[in-house]
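One structure is given here, and the rest of the page talks about it.
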Amino acid sequence: MNIVERVKGARRVSTPIIAIRTPDPAATLQAVSVGVNGGSPKIRWDAAAGFAAVNEEGLAILENALDGAEPGTISSPADALAYAKAFPPKTVFFAINLHRYFQAGSGNDSLAALVTQAIWNLRDEFKANQRTLIILCPDCDLPAEIVQDVMILDEELPSEDVLRGIIRELHEAAELPAPDSENEGRAVDALRGLAAFAAEQAAAMSLTKDGLDLDILWERKRRLVEQTPGVSVYSGPDTFESIGGCEAVKGFLNNLIAGKRPPKAVVFIDEIEKGLAGATSGTGDSSGVSQALHGGLLGFMEDKKARGVIFVGPPGAAKSAVAKALGNEAKVPTIQLDLSGLKGSLVGQSEQNLRSALKVIEAVGEEDVFFVATCNREADLSPEIKRRFSYGTWFFDLPNKEEREKIWPIHKKAYGIEDEKVPLDEELTGAEIRNACDLAYSLNISLKDAVGYLVPVAVSGATQIEALRKQANGRFLSASVKGVYRPTINKSAKRRAVEV
């Protein structure tokens, strides 16, 4: 059921106050005003423009309801709500972005209290004669005083068919031939997750004499998505080929991509245990922010049947590199979700930021979002979170000799280092091999000398790595070889995973 039908249904039972969470308030206002009871007076208000009539019936009542005040001069939300009490029966009153004045973090507690009370005062009077206050906003947290009095509706982002229609109309208006089905599908993928107006603007600005420039379109989408707090789109060049070793997990993910349900979006959460710190421990986050994020993420992954993996291991063992490369391999966007970046000073702000971020993720990936979370301390995660990542916890150990032999050529080539002899490297991670090549190039020194400037994590974090290996033994999958991780001892006294 679309938003117009839901509003009509609410009006039929005299629902007095509705909040519509919409990515495009202007488009929603237009759709609802056209679709709901054509003869009802319709009036809009916003803080910049004051009151304005939406239809002729609305124009006829503004003069009487405002006691001679100029409609465009009423910028106070409390005054606007007070004037609304004089609107006649069946009036539809649209208040745009009213949430800015009553929700947590609005910045003015006295005004928030006044606006909240003014909304509450309309409830019984509006219900008595089928008047409706419709609050249009991108998101909102209702104060406790009115949370039971306001019906919240969510308007969905445009469907694939709507996006295809936008693309075809733009080509027709520009007198260009319609794109073939493959390019049209790729353009829909690039627009998925944007509101209708934003999608139309992004597509129009990406249109050339040869049709849509998909690279420009993806860049414009990235910029629009990144306006959501805590969300960014990874645009690096990483691929599985640029990562040495980790053959077992790369093989698993390649099977996922080639399977019957490939991901439409990858969500990468780096160091998830830090973003959720204090959510479940006895000495938890006293503000309730971490608990709110924890619950919101759990709910989303359960409701959407989202799949995912957790990558555990020491720093530099290619956990993040594999996660970032997955989207490129699958040819889908990789959305980086920064849980710490979602946190506001108040619980309500954080929950709102998370809802907005998850809406973007759902819109981009629909029902096929795949989560990849990295973690240095799996024990810090709640059992509930670990269960949501249903495709397993994978352990990334330090690279063995065969893996290091694959890693060196990749980074030597990237830094233009000729066939120089590889130095003693038994304790190096893949990231440290890359850093050695960087140092050798930047300082114009040998690889042997460059390694001398490194303190490997195998040395500085030996105790922690050994603890991780013991924790992973028999419990996690091995990222390097197929099967459950089992430590053993090789000639260099390094513990490695072996196939079971």
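Data table
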| quantity | calculated |
| --- | --- |
| Residues (crowded, with 16+ Cβ neighbours inside 10 Å, of a type outside the set (Gly, Ala, Ser) and over 37 Å from the mean Cα position of the chain (by Cα)) located in region 24-74 | Pro41, Asn55, Glu57, Ile61, Leu62, Leu66, Pro71 |
| Matching helices (runs of 4 or more DSSP H) fully within region 375-444 where at least 2 residues are modelled with pLDDT of 90 or more and closer than 30 Å to Lys304 by Cβ | 383-388 |
| Qualifying positions in region 142-177 - touching a His at 6+ places or on another chain (Cβ under 9 Å) and surrounded by 14 or more Cβ atoms within 10 Å (Cβ to Cβ) | Leu142 |
| Residue match in region 299-318 (condition: free of Cβ contacts under 8 Å to residues at least 12 places away in the same chain and either at negative phi or in a loop (DSSP other than H, G, I, E, B) (or both)) | yes |
| Region 406-426, subset in contact (Cβ under 8 Å) with a residue 40 or more places away in the chain and of a type in the set (D, E, K, R), residue nearest to Ala472 (Cα to Cα) | Glu426 |
| Condition met for Val369 (modelled with pLDDT under 90, under 17 Å from the mean Cα position of the chain (by Cα) and closer than 21 Å to Ile257 by Cβ) | no |
| Flag if Ala493 is surrounded by fewer than 14 Cβ atoms within 10 Å (Cβ to Cβ), modelled with pLDDT under 90 and not assigned by TED's automatic domain parsing to the domain that holds Ala318 | yes |
| Residue ID - surrounded by the most Cβ atoms within 10 Å (Cβ to Cβ), chosen from residues in region 466-476 that are over 32 Å from the mean Cα position of the chain (by Cα) and on the phi < 0 side of the Ramachandran plot | Arg469 |
| Subset of region 353-399 that is of a type outside the set (Asp, Glu) and in contact with a His (Cβ under 9 Å, 6 or more places away or on another chain) - its residue that is farthest from His99 (Cα to Cα) | Ser382 |
| In region 178-199, the residues that are surrounded by fewer than 19 Cβ atoms within 10 Å (Cβ to Cβ), of a type in the set (Gly, Ala, Ser) and in a loop (DSSP other than H, G, I, E, B) | Ala178 |
| Residues (closer than 19 Å to Gly483 by Cβ and out of contact with any Gly (no Cβ under 7 Å at 6 or more places or on another chain)) located in region 391-426 | Gly392, Thr393, Trp394, Leu398, Asn400, Glu402 |
| Single residue of region 4-20 satisfying the filter (outside any loop (DSSP other than H, G, I, E, B) and crowded, with 20+ Cβ neighbours inside 10 Å) that is nearest to the chain's Cα centre (by Cα) | Ile20 |
| Filter result for Lys412 (more than 30 Å from Thr334 (Cα to Cα) and of a type outside the set (Gly, Ala, Ser)) | no |
| Ile3 being of a type in the set (A, V, I, L, M, F, W, C) and touching an Asp or Glu at 6+ places or on another chain (Cβ under 6 Å) | yes |
| Tally, over region 247-265, of residues that are crowded, with 21+ Cβ neighbours inside 10 Å and at pLDDT below 95 | 2 |
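Per-residue answers, yes or no, for (1) within 15 Å of the chain's Cα centre (by Cα); (2) outside any helix (DSSP H, G or I); (3) free of Cβ contacts under 8 Å to residues at least 60 places away in the same chain:
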residue	(1), (2), (3)
Gln201	no, no, yes
Pro229	yes, yes, no
Gly245	no, yes, no
Leu256	no, no, no
Lys260	no, yes, yes
Phe268	yes, yes, no
Lys274	no, no, no
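One line per residue, one yes/no per condition, for (1) surrounded by fewer than 20 Cβ atoms within 10 Å (Cβ to Cβ); (2) assigned to a helix (DSSP H, G or I):
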site: Gln349; (1), (2): yes, yes
site: Asn353; (1), (2): no, yes
site: Lys359; (1), (2): no, yes
site: Phe371; (1), (2): no, no
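The values are calculated or read from the model by the stated rules, or taken from the named source; none is laboratory data. Quick caveat, the model's predicted, so the values are computed rather than measured. Cβ: placed from backbone, ideal geometry, glycine included. Neighbour counts: every protein chain shown.
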